[in-house]
Each structure stands twice: as structure tokens, then as C-alpha cells.
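Peer 1: Have a look at this one.
Every number here is computed from the coordinates shown, using simple stated rules; none is lab data. All of these numbers come straight from a predicted model, not from anything done at the bench.
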């Protein structure tokens, strides 16, 4: 078997199974049991297989998307900028009178479509009149 050389420092690479961590906007993710090559000298890690690299990339993309959409505070701020009460927002966007209270307290995750729609309304508040 050919000995692998670290592309960063020229040190010896050894194969290992490791959990890799990733943080985005203060939220951490651990992708478990990845097959990697690790440099004994500098600690540089490379994916040993394309499948593990793809699994890590997919997990990170999903994590970033989830963090960006887990926006209960953003939903509340946008609702207030639109000058809507929780009850009005529930009536206009569905979910009932208490839906926005549950979303804003983090008890219930708002639907992705609702979060995206609120982001559009935040940029174009004049569209709200079309919904009332």
C-alpha cells in the first residue's frame, strides 16, 4: 500500500474513523463516523472516500439551511415590523390564533414556506395589503 503524504506539511497520513464538528452562527453539528486520513504531524484531515466527503457536505448544507430557517426571533421581528398581532398573523397566514405565539416561543417550528414568505414580506411589506 502506498504511503500517503500530507498535502499541507508532507507528514505521514493515517486512516481513522472520526466525528467531525462544524459550527455555523453559533450552532454546532457533529457528523459521526467519517472515514478520514489524518496527518500525524499537523492534524490536517482529508476524506478517505468520496462518499464520506459527500455525506459531510450534505450534513453541512442541511445544518446551514436549518439554522437559517430556525428563525423564531426573526419571525417575531418581521411580524412586528409588519404591524401585525399574533392573532392577525394567524388569521392571514393560517395556523390559528395561537400559531404565531407557539412559533415565536419555539414550541412549534414554523413551516419553511411561512418563514420564506415572511422574509419576502420583510423586503416587500407593500405586498401585505394583497393578503388582508
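Peer 1: On a 0 to 90 degree scale, rounded to 10, what angle separates helix 50-69 from the longest Cα axis of the chain?
Peer 2: 20
Peer 1: Right, something else. Looking at the square roots a ≥ b ≥ c of the eigenvalues of the Cα gyration tensor of the range 13-69, which shape do they give, rounded for a/c under 1.5, prolate if a/b is larger than b/c, or oblate?
Peer 2: Working: a/c = 3.05, a/b = 1.89, b/c = 1.62.
Prolate.
Peer 1: Related question: Taking Kirkwood radius over Cα pairs in Å straight from the coordinates, which label in (1) 16.1; (2) 18.0; (3) 14.7 is the correct one?
Peer 2: Read-out from the structure maps to (2).
Peer 1: Separate question: Helix 112-123 against the longest principal axis of the chain: what's the angle in degrees, Cα atoms only, rounded to the nearest 10?
Peer 2: 70
Peer 1: Calculate how steeply helix 72-81 sits against the longest principal axis of the alpha-carbon atoms of the chain, using the helix alpha-carbon long axis, and give the answer as 0 to 90 degrees to the nearest 10.
Peer 2: 40
Peer 1: How high is the relative contact order of the chain, in percent, counting Cα pairs under 8 Å that sit 6 or more residues apart?
Peer 2: On the way: 148 pairs, mean separation 20.2, N = 132.
Over the chain, the number comes to 15 percent.
Peer 1: Another one. Any idea what the relative contact order of the range 72-124 is, in percent, if you count C-alpha pairs under 8 Å spaced at least 6 apart?
Peer 2: Details: 42 pairs, mean separation 20.6, N = 53.
About 39 percent, as a whole number.
Peer 1: Beyond 16 Å, what share of the Cα-Cα pairs of the range 72-124 is found? Please give it as a whole percent.
Peer 2: Values: 372 of 1378 pairs.
Cα-Cα pairs in the range 72-124 separated by more than 16 Å: 27 percent.
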